[in-house]
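Starting off with a structure, shown below.
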Amino acid sequence: MSAPSPARRDPPLLVAALIILAVGYLGLVVFLPLLTVFIEALRKGIEAYFSGINQSEVWSAIKLTLIVAGVAVPLNTVFGLAAAWTVTRFDFWGKNLLVTIIDLPFSISPVISGLIYVLLYGANGWFGPQLQEMGIQVIFNITGIILATTLVTLPFVARELIPLMQAQGSDEEAAATTLGANGWRTFFLITLPNIKWALMYGVLLCTARAMGEFGAVSVVSGKIRGFTATMPLQVEILYNEYNFVAAFAVASLLALFALITLAVKTVLEARFADELAAQRWR
Amino acid sequence: MSLEITNVNKSFGRFPALNDVSLLAEDGEFLALLGPSGSGKTTLLRIIAGLEIADGGAVRFGDEDLLAKPVRQRGIGFVFQHYALFKHMTSAQNIAFGMQSKARKLRPSKAEIKAKVAELLALVQLDDLGERYPAQLSGGQRQRVALARALAIEPKILLLDEPFGALDAKVRRGLRRWLRELHERTGLTTIFVTHDQEEALELADRVAVLKDGKVEQIGTPEELYHEPASAFVFDFLGDSFQFPCVVRDGKAVIAGVDVTILGAATPADGPSTAYARPDAFVVGPADGPGFGARIRDVLLAGPDARIDCVLDDDGAIEVRVPHAVAQKLAPRNRISLIPREVRVWAET
């Protein structure tokens, strides 16, 4: 790195103060809590850590969490792509309203998202009795958990894609069409490569949130141990039973999942750095 | 086969972009659509390609109804103003895309595609740059890749939207000549959109001047330059100055001087507006006929000398005179100015 020009050289004290402020803030708000999770989890040694995790309840919570994310994330990926495509490629009446609705899950409390489902599909809800007659149980069941998670994580992919696709415009797609490509070919060979990073980022955020969602899921799940308790709910259950090591052990697993997804993103970006740099123009 | 556009209409919301436009491009013709921004020229081009949908009217190529066909079956090569190259593909991959998009039965073999790509790269003089990504090419090179990509589908019609709009003047002039040669070699019916009159007059067989979604005039560059159909066309094709005048017996009376009116049609007698080009002025001594003026600056660089002067009755104009005349003039001299010839159109 070359030395900055004299015009850009700030007083060393100011530089130091700003760096300390930024690092201190991040440390206090992000790193310290994250570190605490792992410290607490390992407080009684590695054996206690693993025995905290290795319980049938915890395993079923992990399984449930992965199933829920495995359904909600693909659903919202397809939805996000379709919504972003619609919003950025077509002009229609009510477009702004649609964008607002996509954002809605961000602005309302997840607890309310959960309550809506209870009101709709609960035993005393609008459709509850009919569904019960048909033998379908939504609330206090995995179906409800998936629905609530899907609702809460709905905006992630769409929100990443809309600004990018708006900025890119549709010239490349129009060019592909004039060259004779059909819709699928245009989508897979032109649109998708252009948005893949934003899409991946959206999917990662969506996954992290789907696995970590607490509020909405807590309302619809009923917290039946070993059946409708997802990992965040299991953490709460264990914590309330003063089983701190197990609670933090499960929490550390959740944090680990999140860290792994971020690591995957970083590795991919590093691997394709050349390609990214080559495409950066305009 | 000729491309025939009849009574095409298009509006965006309440804004009318095209108003009953009819045009004919002959087989193999190089036609320019010239107009200021907002005149509808790009919209017309996009309608022909199928990227916009016309509200009414017809576009036929020979006896084919183009508007009835989906974009990808029209066989029209389109070159976008900002190239629209596929950023994640190399030049060669960009050019091959159209051929690879053909239905399996019609698709050339891999070897054929490779040969064709090499041929097109040679045609656009980028033989060694097939493996470069668009970001690694200059603006002019990108534009040529875009052109090669459009030509790869062996289109029946080539449409160019402000093809040199984003390039600097020198590159633009070079590409212009090259495009003209390319057209002579391929013989494709070509329509290109531009707001640069010099470009249109130099390149095109015929030029259609558009204004507010209507064709103001269509003709060869000579016709347009020497017989402009309206004040708008005259003004758009070059610098012009306007003077109030009175038409009497086929002459325009300006500042008490009878001035020749150019053009076939003679306007009716009465007050009107006269239009003159900067190189159609007579510069005389201070007490000569016409407008009195004071010279602000004499610019001697360029094929013609330019005299920047301020008229006594307000307004500044810059006229062009031969160097021989200009050498006798200096800043702050007083002169008289009168157009040698003007054009007059019926006032609308």
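Test residue B:50 against the criterion of being closer than 22 Å to residue A:171 by Cβ, surrounded by 21 or more Cβ atoms within 10 Å (Cβ to Cβ) and either within 14 Å of another protein chain (Cβ to nearest Cβ) or among the acidic types (Asp, Glu) (or both), and give yes or no.
Numbers: closer than 22 Å to residue A:171 by Cβ: yes; surrounded by 21 or more Cβ atoms within 10 Å (Cβ to Cβ): yes; either within 14 Å of another protein chain (Cβ to nearest Cβ) or among the acidic types (Asp, Glu) (or both): yes.
When the stated conditions are applied, residue B:50 passes them.
Enumerate the helices (runs of 4 or more DSSP H) found wholly within segment B:131-226, keeping only those where 1 or more residues are over 30 Å from residue B:7 (Cα atoms). Write out each step before concluding.
Values: elements: B:139-151, B:169-186, B:197-203, B:221-226.
Of the helices (runs of 4 or more DSSP H) lying wholly inside segment B:131-226, those with at least 1 residues that are over 30 Å from residue B:7 (Cα atoms) span B:139-151, B:169-186.
Quick one: which residue in A:25, A:49 is of a type in the set (Phe, Trp, Tyr), in contact with a Leu (Cβ under 8 Å, 6 or more places away or on another chain) and over 30 Å from residue B:52 (Cβ atoms)? Break it down stepwise before answering.
Values: A:25 fails: in contact with a Leu (Cβ under 8 Å, 6 or more places away or on another chain).
The conditions single out A:49.
OK, next. Here is a list: B:59, B:79. Which entry is farther than 18 Å from residue A:189 by Cβ, at pLDDT 90 or above, within 10 Å of another protein chain (Cβ to nearest Cβ) and surrounded by 21 or more Cβ atoms within 10 Å (Cβ to Cβ)?
Numbers: B:59 fails: within 10 Å of another protein chain (Cβ to nearest Cβ).
Testing whether each residue is farther than 18 Å from residue A:189 by Cβ, at pLDDT 90 or above, within 10 Å of another protein chain (Cβ to nearest Cβ) and surrounded by 21 or more Cβ atoms within 10 Å (Cβ to Cβ) leaves just B:79.
Sticking with this structure for a sec: Could you tell me whether residue A:87 is out of contact with any Ser or Thr (no Cβ under 7 Å at 6 or more places or on another chain) and free of Cβ contacts under 8 Å to residues at least 40 places away in the same chain?
On the way: out of contact with any Ser or Thr (no Cβ under 7 Å at 6 or more places or on another chain): yes; free of Cβ contacts under 8 Å to residues at least 40 places away in the same chain: no.
No: the conditions fail for residue A:87.
Which residues, counting only those in segment A:108-139, are part of a loop (DSSP other than H, G, I, E, B) and among the aliphatic types (A, V, I, L, M)? Outline the logic, then answer.
To start, the set of residues in segment A:108-139 that are part of a loop (DSSP other than H, G, I, E, B) comprises A:108-109, A:122-127, A:134-139.
Hits for segment A:108-139 are A:108, A:123, A:134, A:136, A:138, A:139.
Restricted to segment A:27-65, and to residues that are charged (D, E, K, R) and assigned to a helix (DSSP H, G or I), which residue is nearest to residue A:233 (Cα to Cα)? Working first, answer last.
Filtering segment A:27-65 down to residues charged (D, E, K, R) leaves A:40, A:43-44, A:47, A:57, A:63.
Right, trim to assigned to a helix (DSSP H, G or I) and you get A:40, A:47, A:57, A:63.
Numbers: A:40: 18, A:47: 23, A:57: 11, A:63: 13 Å.
Here the residue is A:57.
Out of B:325, B:319, B:283, I need the residue that is in contact (Cβ under 8 Å) with a residue 40 or more places away in the chain and not in a strand (DSSP E or B). Which one? Give the derivation first.
Working: B:319 fails: not in a strand (DSSP E or B); B:283 fails: not in a strand (DSSP E or B).
None of the others qualify; the one that does is B:325.
Report, by residue number, each residue of segment B:228-268 that is more than 16 Å from residue B:217 (Cβ to Cβ), of a type in the set (A, V, I, L, M, F, W, C) and in a loop (DSSP other than H, G, I, E, B). Spell out the reasoning first.
Keep residues of segment B:228-268 that are more than 16 Å from residue B:217 (Cβ to Cβ), which gives B:239, B:241-261, B:266-268.
Narrowing further to those that are of a type in the set (A, V, I, L, M, F, W, C): B:241, B:243, B:245-247, B:252-255, B:257, B:259, B:261, B:268.
Within segment B:228-268, B:255, B:268 meet the criteria.
Residue A:192 - would you say it is within 14 Å of chain B (Cβ to nearest Cβ) and either assigned to a helix (DSSP H, G or I) or touching a residue at least 40 places away in the same chain (Cβ under 8 Å) (or both)?
Values: within 14 Å of chain B (Cβ to nearest Cβ): yes; either assigned to a helix (DSSP H, G or I) or touching a residue at least 40 places away in the same chain (Cβ under 8 Å) (or both): yes.
Answer is yes for this residue.
Scan segment B:62-76 residue by residue and report those that are crowded, with 21+ Cβ neighbours inside 10 Å, facing another protein chain (nearest Cβ under 9 Å) and either small (Gly, Ala, Ser) or outside any loop (DSSP other than H, G, I, E, B) (or both).
So the first thing to find is which residues in segment B:62-76 are crowded, with 21+ Cβ neighbours inside 10 Å, and the list is B:66, B:72, B:74, B:76.
Imposing the further condition that a residue be facing another protein chain (nearest Cβ under 9 Å) reduces the set to B:72, B:74, B:76.
Once the filter is applied, which keeps residues that are crowded, with 21+ Cβ neighbours inside 10 Å, facing another protein chain (nearest Cβ under 9 Å) and either small (Gly, Ala, Ser) or outside any loop (DSSP other than H, G, I, E, B) (or both), segment B:62-76 yields B:72, B:76.
Considering only segment B:328-348, state which residues are in contact with a strand residue (DSSP E or B) (Cβ under 7 Å, 6 or more places away or on another chain), closer than 13 Å to residue B:295 by Cα and not in a strand (DSSP E or B).
Answer for segment B:328-348, where residues must be in contact with a strand residue (DSSP E or B) (Cβ under 7 Å, 6 or more places away or on another chain), closer than 13 Å to residue B:295 by Cα and not in a strand (DSSP E or B): B:329, B:330, B:331, B:332, B:333.
Can you name every residue in segment A:151-171 that is surrounded by fewer than 23 Cβ atoms within 10 Å (Cβ to Cβ) and either more than 19 Å from the chain's Cα centre (by Cα) or closer than 17 Å to residue A:111 by Cα (or both)?
Those that are surrounded by fewer than 23 Cβ atoms within 10 Å (Cβ to Cβ) and either more than 19 Å from the chain's Cα centre (by Cα) or closer than 17 Å to residue A:111 by Cα (or both): A:151, A:165, A:166, A:167, A:168, A:169, A:170, A:171.
Still on this structure, I have one more. Suppose the filter is free of Cβ contacts under 8 Å to residues at least 24 places away in the same chain, part of a loop (DSSP other than H, G, I, E, B) and over 19 Å from the mean Cα position of the chain (by Cα); does residue B:106 pass it?
Values: free of Cβ contacts under 8 Å to residues at least 24 places away in the same chain: yes; part of a loop (DSSP other than H, G, I, E, B): yes; over 19 Å from the mean Cα position of the chain (by Cα): yes.
So residue B:106 fits the description; yes.
Within segment A:168-190, identify whether any single residue is under 21 Å from residue A:103 (Cα atoms) and in contact with a helix residue (DSSP H, G or I) (Cβ under 6 Å, 6 or more places away or on another chain), and answer yes or no. Let's see the steps before the verdict.
Applying the first criterion (under 21 Å from residue A:103 (Cα atoms)) to segment A:168-190 yields none.
There is no residue in segment A:168-190 that is under 21 Å from residue A:103 (Cα atoms) and in contact with a helix residue (DSSP H, G or I) (Cβ under 6 Å, 6 or more places away or on another chain).
Only one residue in B:224, B:201, B:210, B:237 is surrounded by 14 or more Cβ atoms within 10 Å (Cβ to Cβ), free of Cβ contacts under 8 Å to residues at least 24 places away in the same chain and touching a helix residue (DSSP H, G or I) at 6+ places or on another chain (Cβ under 7 Å). Which one? Steps first, answer last, please.
Values: B:201 fails: free of Cβ contacts under 8 Å to residues at least 24 places away in the same chain; B:210 fails: free of Cβ contacts under 8 Å to residues at least 24 places away in the same chain; B:237 fails: free of Cβ contacts under 8 Å to residues at least 24 places away in the same chain.
Exactly one of B:224, B:201, B:210, B:237 is surrounded by 14 or more Cβ atoms within 10 Å (Cβ to Cβ), free of Cβ contacts under 8 Å to residues at least 24 places away in the same chain and touching a helix residue (DSSP H, G or I) at 6+ places or on another chain (Cβ under 7 Å), namely B:224.
The values are calculated or read from the model by the stated rules, or taken from the named source; none is laboratory data. Because the structure is a prediction, the values reported are computed rather than measured. Every residue, glycine as well, gets a Cβ built from its backbone with ideal geometry; the counts of neighbours run over all protein chains shown.
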